[in-house]
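The block underneath contains the structure these notes are about, expressed in structure tokens.
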Amino acid sequence: MPISVRLPDDSVRQLPDGATGTDLALSIGPRLAEAALAVRVDGKARDLKAPVRDGEKIAILTGKDPEGLDLLRHSTAHLLAHAVKRLYPDAKVGIGPVIEDGFYYDFQVAKPFTAEDLPAIEAEMKKIVAEGIEVTREELPRDDAAKLFRSEGELLKAEIVESIPQGEIISGYRQGDFYDLCRGPHVPNTSKLKAFKLLSVAGAYWRGDEKNAMLSRIYGTAFATQKEVDEHIQRLEEARQRDHRKLGRELDLYSFHPEAPASPFFHPKGTIVYNELVAYIRELYHKYGYSEVITPQIMDVALWKTSGHYENYADNMYFTTAEEREYAVKPMNCPGHCVYFATGKHSYRDLPMRIADFGRLHRFERSGVTHGLTRVRTFCQDDAHLFCAQDQIKSEMAAFLDLFYEVYATFGFGEIRVALSTRPEKRLGSDEIWDQAEGALAEAMTEKGLAFTLNPGEGAFYGPKIEFQVLDALKRPWQLGTLQVDYMLPERFELHYTQADGTEARPVMLHRAILGSLERFFGILVEHCGGAFPAWLAPVQAAVLPITDRVHPFATQVADRLRAAGLRPELDIRNEKVNAKIREAQLQKVPYMLVIGDREAEAGTVSVRHRSKGDLGVQPLETFLEALQAEVRSRAH
């Protein structure tokens, strides 16, 4: 008896009873059947080989669909594990999830894999693809599955199965002589996996626990077409060239040392950039009505117990003891700002109070997750806390958004994504308070005409937050600024202000950051501009390059004149040819090079070169100076 299924356009297609997703794809057309990877049935992905049922709404998934691409990558992870088991029969397989832009698989092997092993593994993967092996789903009772993996020596897989409640049915996928634990779905045949590339190797603790065995991890990527793989590899290469760790060394901006793990040392040039970032934000604080404070770095543990950080965040904090008293190194500024607020009496006329702090913060990040400047243990935030009345939340948020978008336009971040992160499982406060806080943020964004998505469960333990993601020059997303509503800390610290009628009320506390961690922003900015900072941020804004010793006196005068005008020149009087000096300045990504020969010295001019625009011609020194000052003042990007 035929069955009827609906397609995404609500058209109905008749199929014989027992038809599969493959049959449906073939009935639509051979090209779609060739591209088909799985089906989505009533919003849930399912294997192509699974029967479809009467009345179901079905979409065919291909590598062009996000779900289809994830499935393609997960199946390629299985393909990788299959190839490794062929080449290294004694290898034990761990897990192989999909990650952003690719996948990885962990293996327990006697000798860790190296980059030199990847070509042979990749060649074996291609052989399995060419064999066109059918991929089939198998289900076993939980205990039978555990017994199967133990009998094959796959103890890591057995451990996963044994962590599942008894009585559960376990699903796995078999392709030839390889069987892997998985919920699925997967591609129906290995021949579907034609475009992939193994990228790198790394070490990883089993289940992310330092107490467990160290495994060997292989990273890879996969797409629907080889063209997409090639484009992705090209983007990765460009990203490697822009890597802030690499550029930090080459441009002499900062360094890392084992004496202070995950804690950067900023060199003089890097410190210039860092201080310019702080100065810019301070300038905006004056414009937008903020007051700056300085609060202690080490405070009594009692403070952090009052705030709730001791209970909810202690694993990420540093502690010390002095005179039999326990202290904590602050991981954030908010409790200190509550102490400050409580030092005086406040009325409704004092609100909103906008308190900013560039205090240094310390958080213990595990060594496995630290990464250059983007994940460090010591950092500074352009942090501020706004104490306001309930009816001021929307206006304060609107002012914050104006400030936020002004800053990001200055740095050339044009595309910004906004998300509302809601209550996490581990949190302070009642559901009623969370309803109020989440509603206030959502309503304020809606009234501002701001489109946003939801991140369920990703809020801070004390309140929901708005997160801002910027896309850099390579279209990579980075989470930077935040705005959080907090009813809990004012309650815990018993903060209050006097209302117009003389009664007391709790202020609402808004936590906000624009750049976020300055260290993290610094690293992202380096990669965004490839180390070629705009002139206002560049450590050296103009390299003064004399051609001969005869013009050294005038070149020195040029450098002194620029310095007196508040600019940052660098005089290069090395005994090198001018082309070598120009090349060095280009490598250091100096915005302007001022070449000075006999004619320039005699006429009081400079021959101006720009790092990307090339030769800008001969200019009077004062003309160039005024133009550079104007560029710096405008903070052009």
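Each reported figure results from applying straightforward, stated rules to the coordinates on display, with no laboratory input. Bear in mind that the values here come from a model prediction, so they are computed numbers and not experimental data. Methodologically, a virtual Cβ is constructed for each residue, glycine included, from the backbone with ideal geometry; neighbour enumeration extends over all protein chains shown.
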Using the alpha-carbon centroid of each, what span in Å lies between segment 451-505 and segment 123-146? 47 Å
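For ARG142 and LYS44, what does the FRET efficiency come to when R0 = 25 Å and r is the distance between their Cβ atoms, rounded to the nearest 0.05? Before the final figure, lay out the partial values.
On the way: r = 22 Å, r/R0 = 0.89.
In this case the efficiency is close to 0.65.
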What FRET efficiency do you get for MET299 and GLN479 if R0 is 35 Å and r is their Cβ-Cβ distance, rounded to the nearest 0.05? 0.80
Spelling out what I want: for every residue of segment 364-378, take phi, set θ = phi - 60°, compute 6.51 cos²θ - 1.76 cosθ + 1.60 (Karplus), and round to whole Hz; glycine and proline get x. 7, 9, 4, 4, x, 10, 5, 7, x, 7, 7, 8, 10, 9, 10
So what is the calculated 222 nm ellipticity per residue for the chain, using -39500 (n - 2.57) for each DSSP H run with n of 4 or more, over all residues, to the nearest 500 deg cm²/dmol? -11000 deg cm²/dmol
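Of LYS49/LYS157; LYS227/LYS475; LYS44/LYS85; LYS127/LYS147; LYS64/LYS246; LYS269/LYS589, which pairs sit farther than 23 Å apart, going by alpha carbon to alpha carbon? Working shown, then result.
Values: LYS49/LYS157 25 Å; LYS227/LYS475 18 Å; LYS44/LYS85 31 Å; LYS127/LYS147 30 Å; LYS64/LYS246 34 Å; LYS269/LYS589 12 Å.
From the list (LYS49/LYS157; LYS227/LYS475; LYS44/LYS85; LYS127/LYS147; LYS64/LYS246; LYS269/LYS589), the Cα-Cα distance tops 23 Å for LYS49/LYS157; LYS44/LYS85; LYS127/LYS147; LYS64/LYS246.
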For THR548 paired with GLN241, estimate the spin-label separation in nm (one decimal), with each label point 7 Å from Cα along the Cα-to-Cβ line. 3.8 nm
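For ALA342 and GLU67 in one chain, what is 0.36 nm times their gap in residues minus the Cα-Cα distance, to one decimal in nm? Don't skip to the end; give the middle numbers.
On the way: separation 275, 0.36 × 275 = 99.00 nm, distance 5.15 nm.
Extra length available between ALA342 and GLU67 comes to 93.9 nm.
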Projected label distance in nm at ALA260 and THR410, using a 7 Å step from Cα toward the beta-carbon: 2.6 nm
Segment 369-512: relative contact order from alpha carbon pairs under 8 Å, six or more residues apart, as a whole percent, is 28 percent
Would you pull out the residues with amide H under 5 Å of ILE133's amide H, same chain only if 5 or more places away, H placed 1.01 Å from N? THR190, SER191
Pair ILE164, ASP230: separation of 7 Å Cα→Cβ label points (nm): 4.1 nm
Between PHE364 and ASP54, what length comes free when the chain is fully extended (0.36 nm per residue of separation minus the Cα-Cα distance, one decimal in nm)? 106.1 nm
Name the residues whose placed amide hydrogens come within less than 5 Å of the amide hydrogen of TYR254, ignoring near sequence neighbours (fewer than 5 apart) on the same chain. HIS267
Counting all Cα-Cα pairs in segment 67-241, those more than 30 Å apart amount in percent to 15 percent
List ARG476, ARG217 from most exposed to least, where exposure is judged by having the fewest other Cβ atoms within 10 Å. ARG476, ARG217
Per residue of segment 320-335, in order, report the coupling 6.51 cos²θ - 1.76 cosθ + 1.60 (Karplus, θ = phi - 60°) as ³J(HN,Hα) in whole Hz, putting x for Gly and Pro. 8, 10, 8, 6, 6, 10, 8, 10, 10, 7, 5, x, 7, 8, 4, x
Relative contact order computed over segment 3-62 (Cα-Cα under 8 Å; 6+ residues apart), in percent: 42 percent
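Starting from 0.36 nm per residue, how many nanometres of slack lie between LYS394 and ARG174 once their C-alpha separation is accounted for? Walk me through the numbers before you get to the answer.
Numbers: separation 220, 0.36 × 220 = 79.20 nm, distance 5.58 nm.
Extending this stretch completely gives an extra 73.6 nm.
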With a Förster distance of 25 angstrom and the Cβ-Cβ distance between THR556 and GLU250, calculated FRET efficiency to the nearest 0.05 equals 0.35
Arrange PHE266, PHE341 by Cβ neighbour counts within 10 Å, fewest through most, would you? PHE266, PHE341
With the 8 Å Cα cutoff and a minimum separation of six or more residues, the chain has a relative contact order in percent of 9 percent
Taking H as built 1.01 Å from N, whose amide H comes closer than 5 Å to the amide H of VAL606, not counting residues under 5 places away? GLN619, LEU621
Using θ = phi - 60° and the Karplus curve 6.51 cos²θ - 1.76 cosθ + 1.60, what whole-Hz ³J(HN,Hα) does each residue of segment 624-630 get, with Gly and Pro shown as x? 4, 4, 5, 5, 5, 4, 5
Quick note on LYS147, LYS127, LYS465, ordering by fewest other C-beta atoms within 10 Å, gives LYS127, LYS147, LYS465
